[in-house]
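See structure below.
The values are calculated or read from the model by the stated rules, or taken from the named source; none is laboratory data. Note that the coordinates shown come from a computational prediction; the quantities given were computed from them, not determined experimentally. Note that each Cβ is placed from the backbone with ideal geometry, even for glycine, and that neighbours are counted across all protein chains shown.
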Amino acid sequence: MFKKIPLHTQIIIGLVLGLVFGLVIIQFGISPQFTVDYIKPIGTIFINSLKMIAVPLVLASLIVGVANLGDISKLSRIGGKTILAYLITTVVAITLGLLLVNIFEPGEKLPQETRDSLMAQFDSQAGSKADMAAEIKDAGPLQPIVDIVPENLIAAAANNGSMLQVVFFAIIAGIALLQISKDKAKTFTDFFDALNDVIIKIVEYIMMIAPYGVFALMASLIVEIAGDNPDSAVELLLALLKYTVIVVAGLAMIIFVVYGTILKSFTKIKFFDFLKAMRPAMLLGFSTSSSSATLPVTMKIVEEEVGVSEEVSSFVLPLGATINMNGTSLYQAVAAVFIAQALGMDLTISQQLTIVLTATLAAIGSAGVPGAGLIMLIIVLEAIGVPGAGVALIIAPDRILDMFRTVVNITGDATVCVAVASTEGELPDGLIRASNPFTPSAEELNVKGE
């Protein structure tokens, strides 16, 4: 019976049940130990399973994607369009965030007692993030470029945070394949093509436990936010409600205005049909807070639901999961000004322009994993002269906002991918299937002979 329910509906059920379960635990004062010991591990296994296949998927899909482009000129054309689109949407997201936070000024009326309490409660956490950010900040101006080139490919592949290095190697390997004899290249590409198919099949296995993993993630999140004081989660969310609403509103505007405009301008796809097709990936991104972990599902949907060719999706999407962080960029802009307002600091136009530049570069270097945006935020704060420890003010709702901004990041990757595919003539005329991307239709089964 449960198998007949569409995947996105199963994930929603898991989210709601996890939320209800966590609130019941808090409301009745039940010890959170059972949730932490026996439920949270299910969610951890689910996320680890997705992370497990992230690196081989990016490596295989990019190598095959670049090699399948056929020539260097096509690679440079598609690559140029992709990077330009990602940079433009990132700058638009940051600018939108700055406009909203300056108009509504959420930090001006933050109660002093709440501010002091948050600073005391999260100072140690902010310190650890600040130490990591300090290492990045103290590096030379060209260090980000140095970091792109892996010293050891195996070591880079063993760390999801080094995904940009894997992307670099995959692109270089794909270009090399274009310049050697086709007979030799075919052996190499056939292997990675088969590896890519194997990874996609593994994704289907992993998605069987998605509703249970989402339930576990949500339940443990609610319980851990509450901590020892059942009322603390509610108090923190109320104290930062205005800030949270502004971030969420900005994220919604990116999806419905910015992405909607892009789709309307470059494709014949109806925007809400696109969102309907993307629901499983968006919900999964919401629960995992990781665009890298959600990448396999995003690729599957964009190819099978929207109809983007594999050669475009296998290049644009892995690159987007690494460098395109529109949701994170908007959040950093709002959070930086909010913290400055809360600390009584007035930012000049020059400082806010610095936020645009720094947040854009931070978005490119930010790993597509939970919490990475918080570390990059400290770099943005330090760049405008705001104490990095001020990040403690927004740690409380950050985990929840991380879920929302990941949805925007994933949707942005898919939107740019579809737009680029359309400009390359690699997209059907607005055709989006209505079936579950993880459940073959009867026609497909007949075609495949299964």
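Answer yes or no: is there a residue in region 331-354 that is under 17 Å from Ile254 (Cβ atoms), among the hydroxyl-bearing types (Ser, Thr, Tyr) and modelled with pLDDT of 85 or more.
Yes, because at least one residue in region 331-354 is under 17 Å from Ile254 (Cβ atoms), among the hydroxyl-bearing types (Ser, Thr, Tyr) and modelled with pLDDT of 85 or more.
So Ile30 fits all but one of (1) touching a helix residue (DSSP H, G or I) at 6+ places or on another chain (Cβ under 8 Å); (2) β-branched (Val, Ile, Thr); (3) assigned to a helix (DSSP H, G or I); what number is the exception?
Tallying (1) touching a helix residue (DSSP H, G or I) at 6+ places or on another chain (Cβ under 8 Å); (2) β-branched (Val, Ile, Thr); (3) assigned to a helix (DSSP H, G or I), Ile30 fails exactly one: (3).
Tell me, which helices (runs of 4 or more DSSP H) wholly within region 287-344 include 1 or more residues that are in contact with a helix residue (DSSP H, G or I) (Cβ under 7 Å, 6 or more places away or on another chain) and within 28 Å of Leu241 (Cα to Cα)?
291-301, 326-342
Identify the residue in region 251-294 that is β-branched (Val, Ile, Thr) and without any contact (Cβ under 8 Å) to a residue 12 or more places away in the chain and, among all such residues, is nearest to Val334 (Cα to Cα).
So, considering only residues that are β-branched (Val, Ile, Thr) and without any contact (Cβ under 8 Å) to a residue 12 or more places away in the chain, the one nearest to Val334 (Cα to Cα) is Val257.
Those residues that are crowded, with 20+ Cβ neighbours inside 10 Å, out of contact with any Phe, Trp or Tyr (no Cβ under 9 Å at 6 or more places or on another chain) and closer than 14 Å to Val214 by Cβ, I need them from region 1-46; list them, please.
His8, Gly22
State whether the residues of region 48-62 include one that is of a type outside the set (Val, Ile, Thr), part of a helix (DSSP H, G or I), touching an Asp or Glu at 6+ places or on another chain (Cβ under 9 Å) and at pLDDT 75 or above.
Yes, there is a match, as at least one residue in region 48-62 is of a type outside the set (Val, Ile, Thr), part of a helix (DSSP H, G or I), touching an Asp or Glu at 6+ places or on another chain (Cβ under 9 Å) and at pLDDT 75 or above.
Where the second residue is crowded, with 17+ Cβ neighbours inside 10 Å and among the hydroxyl-bearing types (Ser, Thr, Tyr) and the first is closer than 25 Å to Ile323 by Cβ and lies in region 165-189, which pairs have Cβ atoms under 6 Å and are six or more apart or on separate chains?
Matching pairs, first to second residue: Val167/Thr322.
Tell me which residues, restricted to region 1-43, are among the polar types (S, T, N, Q) and without any contact (Cβ under 8 Å) to a residue 12 or more places away in the chain.
Answer for region 1-43, where residues must be among the polar types (S, T, N, Q) and without any contact (Cβ under 8 Å) to a residue 12 or more places away in the chain: Thr9, Ser31, Gln33.
Quick test for you: out of Asp228, Asp197, pick the one residue that is of a type outside the set (Gly, Ala, Ser) and either closer than 17 Å to Asn48 by Cβ or at pLDDT below 75 (or both).
Answer to the selection: Asp228.
Taking the conditions exactly as written (part of a helix (DSSP H, G or I), at pLDDT below 80 and out of contact with any Gly (no Cβ under 8 Å at 6 or more places or on another chain)), does Ser73 satisfy them or not?
So Ser73 passes the test.
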